[in-house]
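Bear in mind these aren't lab numbers, they're just calculated from the coordinates by the rules spelled out. Here the structure is a predicted model, which means the values were calculated and not measured. Every residue, glycine among them, receives a Cβ derived from its backbone with ideal geometry; neighbour counts consider all protein chains shown.
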Amino acid sequence: MSTDFDAIVVGAGFGGLYTLQNLRRLDMSVKVFERGGGVGGTWYWNRYPGARCDSESVYYMFSDRFSPQILDEWSWTERFAGQPEILEYLNFVADKMDLRRDIQFDTAVTAAVYDEANNRWEVTTDDGARTTARYLITAVGCISTTNLPAFPGLESFTGESYHTGAWPHEPVDFTGKRVAVIGTGATGVQAIPEIAKQAAQLFVFQRTPNYDIPARNQPLDPEYTTKVKQNYPELWEKARASGFGLPYQVSEGSALDATPEERQRVFQAAYDKGGFYIGLETYSDFMVNKESNDTISEFIRTKIRETVHDPATAELLAPTDHPFFTKRPPLETGYYEAFNRDNVALIDIHGEPIESITANGVRTPVREYEVDAIVFATGFDTMTGTLFKMGIRGRAGQPLERKWADGPRTYLGLATHGFPNMFMITGPQSPSVLSNMPVTIEQNAEFIAGLIGHMRETDADYGEANEDAEGRWVEHHNELADATLLLGTNSWWVGANIPGKPRTLYPYVGGVGPFRDICADVASKGYEGFTLASRTRA
Ligand code: NA7
């Protein structure tokens with residue numbers, strides 16, 4: 001069995017599968033290492049009750065560029081697909097394109113070291129094997145390393161405990177049990193209404209309330225799906241040119257230019273439509289104008305107060321500490337209604353901090369909440385956590401985590417100086433999580449395949465982002481970030497959820513379409529900003 005390849009790809013989620021397919025098109029030999037026991041990435045691990053995608057399913061898939069046949073053959077059953085259906089889709093894709101033969105499952109990368117003398121990457125995996133390749137491409141996902149806060153006494157709990165991002169494969173039954181959920185981000189918001197239906201008693205520990213928007217999920221009408229399929233060429237193009245990778249009709253105006261009545265009508269219409277329409281199709285300045293943002297923030301707070309019966313609970317659930325969309329707003333299905341149930345109680349961690357986890361449950365200064373199970377919906381060390389765990393060493397043995405000690409430094413979020421022939425899918429400082437991921441993943445993977453193809457055509461075997469190009473990209477990235485309200489809010493977008501993590505905006509806020517244009521321009525200038533050379537000794 002060969003241990004040397006043209007490329008090693010890490011990860012077999014959307015990013016890894018698309019990258020593999022694109023590199024195959026260049027006739028490259030490729031080895032994919034995947035930590036999970038199957039394809040799917042996020043959708044392999046996040047099996048908690050209620051796990052569902054927040055992008056509309058008809059746009060949360062590979063486009064015609066991957067395979068027009070798959071696009072035509074696959075039909076989603078729901079407006080927002082649940083985790084099992086997305087996993088089924090990715091398995092369908094892997095089978096159809098015969099991708100599995102290049103993927104080694106249940107294998108985590110423990111070290112990836114650039115061997116300067118041979119201009120190759122040497123990758124060590126947790127089975128002890130060493131594999132080499134000219135190119136290393138990370139497709140490890142942005143939200144793939146779970147964050148379990150170091151609550152005192154964590155180990156002492158004698159009941160069942162789960163993290164939403166590492167859920168068991170067998171069903172978990174909470175029927176008749178007392179359950180604590182810690183965390184009310186997107187995953188907590190999805191899991192809580194489902195767990196509430198089973199549990200005898202559910203205690204929800206909330207640190208920060210979010211602006212949760214109704215998903216309004218529903219079965220997909222086959223006629224609608226057919227219409228979408230007929231219009232796909234136009235819809236994909238619109239998504240690729242858009243800000244967020246979705247073919248929505250984005251407004252150009254400010255909420256402040258509308259009368260209060262007009263605003264109310266526009267907000268209500270988008271709210272009734274469900275999903276992210278309220279953020280994307282109403283007014284365009286929420287992320288940059290606090291006063292404009294106040295109007296939509298108050299609209300959503302009013303909806304929360306109208307839905308939750310107990311006024312004190314409603315107040316705790318209504319966010320006032322941050323503006324709407326300055327942290328990722330979860331989509332909800334029955335979340336606020338869950339707090340109207342007799343078996344659900346909300347505990348505000350600010351008023352009643354978690355002192356410790358005990359053998360029997362969760363202790364606060366007020367009381368001990370005795371439970372049979374704790375669900376940690378406490379999020380992830382996003383964007384850099386997984387990359388840092390992989391032991392990546394660039395030129396002169398430089399650890400990636402050392403180079404990025406004060407925050408990521410990348411060129412286009414796709415490469416970083418000092419790490420030749422290493423490219424990242426949805427890396428920090430690319431649109432990544434501020435977009436509908438499959439659209440961004442396709443663009444990233446196509447750019448990387450285009451760059452490698454260009455190198456092969458021009459007999460270059462060494463491709464490295466230049467330090468000055470990287471510096472300009474970081475400056476541009478930060479300039480755009482500084483113009484928004486995002487840095488002022490504690491969120492994982494700025495690394496605030498992980499103690500000690502540098503505070504900087506991790507995803508690129510310039511938009512999917514503008515980013516695509518910048519990349520196209522770079523490519524048209526012979527991959528400007530990269531040093532492309534022939535370095536390998538004969
Ligand atoms: P999130 O959105 O990071 O949510 C994690 C939640 O856990 C959030 O409510 C946090 O409160 C809470 N949390 C984190 N650490 C603690 C500690 N130490 N004590 C109490 N509560 C804590 O992660 P999700 O998994 O829900 O979603 C991740 C992304 O997946 C999501 O944004 C979508 O893009 C898909 P906080 O808000 O930080 O005060």
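Below, the figures for the structure above:
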{"quantity": "The stretch 168-239: C-alpha gyration tensor shape, a/c 1.5 cut-off, then a/b vs b/c", "calculated": "prolate"}
{"quantity": "Within the chain, percent of DSSP bridges classed antiparallel, to nearest 5", "calculated": "40 percent"}
{"quantity": "Positive minus negative residues near Thr107 (Lys, Arg vs Asp, Glu; Cβ under 9 Å)", "calculated": "-3"}
{"quantity": "Cα shape, the stretch 72-178, gyration tensor, a/c 1.5 rule", "calculated": "oblate"}
{"quantity": "Given Lys31/Lys389; Lys96/Lys238; Lys177/Lys327; Lys290/Lys501, the pairs whose alpha carbons are separated by over 24 Å", "calculated": "Lys96/Lys238; Lys177/Lys327; Lys290/Lys501"}
{"quantity": "Angle between the chain longest axis and helix 232-241 axis [Cα atoms, degrees, rounded to 10]", "calculated": "90 degrees"}
{"quantity": "Extension gain, Asp221 back to Glu352 (0.36 nm per residue minus Cα-Cα distance, nm)", "calculated": "42.6 nm"}
{"quantity": "Residue-wise HN-Hα coupling along the stretch 296-311, computed from phi with Karplus coefficients 6.51, -1.76, 1.60 (Hz; x: Gly, Pro)", "calculated": "6, 4, 5, 4, 6, 4, 4, 4, 5, 5, 6, 8, 8, 5, 7, x"}
{"quantity": "Amide proton proximity set for Ile347, modelled H, under 5 Å, gap of 5+", "calculated": "Val204, Phe205, Gln206"}
{"quantity": "Chain lengthening between Asp127 and Phe105 when straightened (0.36 nm per residue, less Cα-Cα)", "calculated": "6.8 nm"}
{"quantity": "Computed over the stretch 410-458: relative contact order in percent, which uses C-alpha pairs under 8 Å that are six or more apart", "calculated": "28 percent"}
{"quantity": "The chain, Rg to Rh (Cα coordinates; Rh as Kirkwood inverse mean 1/r)", "calculated": "0.96"}
{"quantity": "Estimated distance in nm for a label pair at Ser254 and Glu368, the labels positioned 7 Å out from Cα along Cα-to-Cβ", "calculated": "5.6 nm"}
{"quantity": "Normalised contact order of the chain, rounded percent, pairs of Cα under 8 Å and 6 or more residues apart", "calculated": "20 percent"}
{"quantity": "Sites His476 and Asp272 - FRET efficiency at Förster radius 41 Å, r taken between beta-carbons, to 0.05", "calculated": "0.60"}
{"quantity": "Cα-based helix-to-principal-axis angle, 260-273 vs the chain, degrees rounded to 10", "calculated": "70 degrees"}
{"quantity": "Under-5 Å amide H pairs with His163, H placed in peptide plane, nonlocal only", "calculated": "Phe376"}
{"quantity": "FRET efficiency estimate (nearest 0.05) - Cβ-Cβ, Asp310 to Gln198, R0 25 angstrom", "calculated": "0.70"}
{"quantity": "Sorted by Cβ density within 10 Å, fewest first, the residues Leu451, Leu414", "calculated": "Leu451, Leu414"}
{"quantity": "In order through the stretch 413-419: 3J(HN,Hα) via Karplus (6.51 cos²θ - 1.76 cosθ + 1.60), integer Hz, x for Gly, Pro", "calculated": "x, 10, 8, 9, 4, x, 10"}
{"quantity": "The chain, helix-only ellipticity at 222 nm - DSSP H runs n ≥ 4, -39,500 (n - 2.57), divided by all residues, nearest 500", "calculated": "-9500 deg cm²/dmol"}
{"quantity": "Amide H partners (placed H, <5 Å) of Tyr462, local residues excluded", "calculated": "Ala533, Arg535"}
{"quantity": "Acute angle (nearest 10 degrees) that the helix 14-25 long axis makes with the longest principal axis of the chain, alpha-carbon atoms", "calculated": "20 degrees"}
